[in-house]
Every structure is written in C-alpha cells, then in structure tokens.
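Inspection log for the structure reproduced underneath, given as structure tokens.
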Amino acid sequence: MSWPRNSPPQRETDSAAGIDVTDAFEPFSQRNDVFTRAFWDDTVRTTQTDGFFASYRMEAIPRRGDGFSQRDFALRNAAWLISDVITDRRAAEGLREGFQAPIQADTPVATEQVPVEDPGAMANEVKRIAKFFGADLCGITDFDRRWLYSARVDTRDLSEAPHDLPEGLTSVIVLGHEMEEDLVATYPSALAGAATGREYSHEASIVMQVAAYIRNLGYEAVPSMNDTALVIPYAVKAGLGEYARNQMVITPEFGPRLRFSKIFTNLPVAHDDPKPKGVRAFCDICTKCADACPVKALPYGPPSTERANISAIKGVRKWTSDAEKCFGFWAKLSSDCAICMRVCPFNRDFGTWYNKLWLKLALSPFRKLALRLSKTHGARVQHVPGCVFAGNG
C-alpha cells in the first residue's frame, strides 16, 4: 500500500495536531491489534482470554460480588446487542463489520448528486445531521491514508485482506459519542462495561444513518467504527480534542469519556483545524493514569517512539501503552478496564462552574495548581455497593 509522504502541508497539520511522525513510520496492520492477536497469537491467547470472549455470550460468568454479578454482565452484554447484530450479520463472509471490516452499505449511492456550492455550509449541515441522529461531537478532516490499516482482517482464517474502499475519498467525518458518567465511575467493573457497549451500539446506528444520508445525496460514504483505520489521529486532526498519556483523546466537552466512529466520504465538505489547548502540557506533569494502572501498562516520561510489542504503531512519537499487559488484565476480569479514564483529572462534568474554572487552569500556565486541586477534588466516583473495585485507587 502507498500513502502520502510527509509533505510540507501534512507536516503543518501534524504539528498543529501534536502528531510527530518519524522517518521510521510504517502503517499498522490490524492483524497485530491485541484483540485480533488473541485469536491467532499463542503469546497472547490464554484460557483467560478465551473466558473473556465467552463472557460476552454468558458462557463464563466470574463470581466476584457486586459489579461482577450475572446481573452486571447481563446489562453489559445487552448494551452491546445492536453492535453485535451488525458485527455478526456477514460473519460467513469473513467480515466482522465495525471491528475488522467497514460496515457494508445498506443504501445505494443515488445516481443524481446534489450539487455542493459551499463546502463550509455542507460541513455544517453534516454536523447538524450527525447531532440529529445522536452524535455528541462531529469534526471533519482530510482522508490521510497514513492512518489506514495496511490491510483488514478476514475473520474466517485471520489472514490479511484488502480494504476495497471506493476510489476518490477525500474526507473523514469523525463522530464522538459520550459514555455514561455514572457507569464510567465504576470501572473496572463489568457494570461499567455497559457504558462501553451502549456507545458501540449507539455509534453503529448513528454512523450508518449519517452515511446513508450522504449516499442519498449521491456521494460515497463508508461507515466505520474500530475498523479500517486508526481513529485517534483523525479525531485530533478534526479538532475534537488532544491526545493524552492515557492513550485517549481529551475533549473540552467530555474529557476522555467518549468513543469515536468515522465516515470516509467524497462529499465536498470543509475541514476543521486541530485545536491544541494545552492537554499535552498537563499530561507532561500528570501521571495519575499511569499510577493507577494495576498492571503498569501506561508510560511515564515524555512521548517516545518506543513500543513494547507489535501491537503498537511504528514510527510515531507518542505515549504508547503495553497492549499485552492491558489486555491481559481485561482477560483476568472478563470485562474491559478503563481505570485510566476514570481517574483522569479531565473526567469531569464541565457543565459546572467549578469544573469550567478547573479546565481553564489546567490548560493554562497554572496547570500545576489544577493538578494539585485534582488530587483533593478529583473526578467523582460512583460506588457500586460492595464493589471493591469502585474506590478512588
């Protein structure tokens, strides 16, 4: 696969977005994603990882008390239902839509194109439509091929397969979906996994509906979730937030508490600019996520090009987690862990005057004061009765 070299305009956009691509850059193979590796790589796959996947079918339910009861797993798995329906509908073709393959079109491209005279106005219209269908955030950036996976995964034999994207794609519409605050506050319980599953189900619906709208206008639109490309670079370039030590995008509206989906399109739309506000400088002095990680999978120190294993992109200077350690802990729990999201000082309700003031401090030269305040007035934690995992640790 070919991708654009880091041309001067691209370097300018990268710099504004805080993306540091080196000459050693290589596009990432999704086959090396740690979740995919859990199916083919014996160094990752264990009886615990098999139990992790079985728990989503209610075939193996750990008994750890409140937060990990059958009732909690039932809510988590029900939250994933719509996403699972989309994921499974073409499994016989090796297409795990939304995760190892883009979501297949259910709407043909209209034969007659609606003319677009003002890409800026059309971009605003797309954002309005995205909000109508339920997206909490929407930004638009260029179709930067560097962030495409080098190949998709055929789930029948875990081999690499071509993306088969349509020609002429020019833009990526990035949608943000807020995770439920009270459930996020209970991570890493299975109950909290319902916050993740609910948004995957929401975004599956939303991304398909927005793509259908665009296709009905006469333009290509490929709805995508975790598949096809790395979404974080697109989200940052689209001005939705900034990359953080905890491997997440920090947004001024919801902190790290959201999921992202995307749509690849050739609809003529204006692109948003990256909006760095100072998250990187705050993360330089804050290590709350790394301190709280039970398996020490998150990095200390400044961003670097080091990577612990093949489940990380090569040639990008950034904070990079040890995905094997992280997923190993998920497998042990039989549910997802987002302690790093829960303890992040940006995980706040920015609708309150106090947290609005805190945000201004955190993104200013007074960030050290904000960090001290976050230790005494941290993000609210919702306790699950009797759940030992729901504390401030």
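Close Cβ contacts (under 6 Å, 6 or more residues apart or on different chains) running from residues in segment 302-328 that are basic (Lys, Arg) to residues that are surrounded by fewer than 18 Cβ atoms within 10 Å (Cβ to Cβ) and in a loop (DSSP other than H, G, I, E, B) comprise Arg317/Thr305; Lys325/Val295. The residues of segment 26-70 that are within 22 Å of Asp227 (Cα to Cα), crowded, with 17+ Cβ neighbours inside 10 Å and of a type in the set (Phe, Trp, Tyr), listed by number, are Phe28, Phe35, Phe52, Tyr56.
Could you please give the count of residues in segment 102-152 that are surrounded by fewer than 15 Cβ atoms within 10 Å (Cβ to Cβ) and among the acidic types (Asp, Glu)? Within segment 102-152, residues that are surrounded by fewer than 15 Cβ atoms within 10 Å (Cβ to Cβ) and among the acidic types (Asp, Glu) number 4. Quick check: is even one residue across segment 180-195 touching a strand residue (DSSP E or B) at 6+ places or on another chain (Cβ under 8 Å) and not basic (Lys, Arg)? The answer is no; no qualifying residue exists. A Cβ distance below 6 Å, combined with a sequence gap of six or more or placement on separate chains, defines the contacts here; from segment 134-150, residues that are farther than 11 Å from Ser171 by Cα reach residues that are of a type in the set (Gly, Ala, Ser) and surrounded by fewer than 19 Cβ atoms within 10 Å (Cβ to Cβ) in the pairs Ser150/Ser29.
So that you can scan it fast, the table gives a plain yes or no per residue for (1) over 30 Å from Phe366 (Cα atoms); (2) among the charged types (D, E, K, R); (3) crowded, with 17+ Cβ neighbours inside 10 Å:
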position	(1), (2), (3)
Cys286	no, no, yes
Ala297	no, no, yes
Pro303	no, no, yes
Asn309	yes, no, no
Gly315	yes, no, no
Lys325	yes, yes, yes
Gly328	yes, no, yes
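Checking each residue of segment 365-380 against the condition of being part of a strand (DSSP E or B), at pLDDT 95 or above and farther than 30 Å from Arg71 by Cβ gives no match.
Go through segment 52-75 and report how many residues are of a type in the set (D, E, K, R) and under 18 Å from Phe329 (Cα atoms). First the steps, then the outcome.
Just the residues of segment 52-75 that are of a type in the set (D, E, K, R), to begin with: 57, 59, 63-64, 66, 71-72.
Those left that are additionally under 18 Å from Phe329 (Cα atoms): 63-64.
Selection size over segment 52-75: 2.
Of the residues making up segment 335-346, not a single one is modelled with pLDDT of 95 or more, under 23 Å from the mean Cα position of the chain (by Cα), crowded, with 20+ Cβ neighbours inside 10 Å and of a type in the set (S, T, N, Q).
The values are calculated or read from the model by the stated rules, or taken from the named source; none is laboratory data. Keep in mind that this is a model prediction, so the values were computed, not measured. Positions of Cβ are backbone-derived with ideal geometry, glycine not excepted, and every protein chain shown enters the neighbour counts.
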